[in-house]
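S.K.: Structure incoming, see below.
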Amino acid sequence: MLKDKLKAIFIFALYFIILMMFFSQSSASATPDPTDQMRPFLKKVTDALADPALKTVPKKEQGQRIIKIVRERFDFQEMSKRVLGHQWRNLNDKEKGEFEDVFTQLLQYAYIGKIDEYAGQKIEFTQQRIKGDRAEVQTLLVDKAKSIPVSYIMLLRGEQWMAYDVVVEGVSLVRNYMEQFQEIIRKDGYAGLVKQIEEKIDHIEKENKGS
């Protein structure tokens, strides 16, 4: 009888292990691949940057065209939340939306000058890391002179991996802005931060019109 019981327990345990492995594999296979989603997105961005027609329109429109593509794979709300840190929880929904808009404009204008620097650099995908609903896709921006490591930090939103941070040569875009913004908030408050961002945008707009 004891042998029969032990045999039954062994069979049950074996069946349980196999069942868990099956569900684990099914769950893993159901998770979208972040690199597979980033690859066509980044190609779309580089194709847009390489389009000669882009250089024929005003700077502001150049930025608007690129940011429209970037929105397809970037979660600007998550990015805004992280650069504000604790301050984000103090905002109501209307204020959160307004900050997201002004911060996205800042990013658009801050990097609008970089458009002219694109000269056909290639993107190589090196590796990826997935942990639950978070992922990191590591790439190299390959130029003639050097290769620059660029990582995209992402969150899984339904079936889509959405980036909320870019790390270039070890420097996080989100952390960089977060440190700047927290210092401004400490000195001038949240209203002071928004005012400075709007002034920066206005200054860049005037520079672009004069160029």
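S.K.: Excluding residues fewer than 8 places away in the same chain, name every one of the lysines whose C-alpha is closer than 19 Å to that of LYS187.
M.R.: Straight-distance partners of LYS187: LYS195, LYS200.
S.K.: What order do you get for 38-51, 155-168 when each peptide is scored by the mean count of other beta carbon atoms within 10 Å, highest first? Walk me through the numbers before you get to the answer.
M.R.: Values: 38-51: 15.1, 155-168: 16.8.
The most tightly packed comes first, giving 155-168, 38-51.
Each reported figure results from applying straightforward, stated rules to the coordinates on display, with no laboratory input. Predicted, not measured: the structure shown is a model, and the values here were computed from it. Note that we place each Cβ from the backbone using ideal geometry, even for glycine, and neighbour counts take in every protein chain shown.
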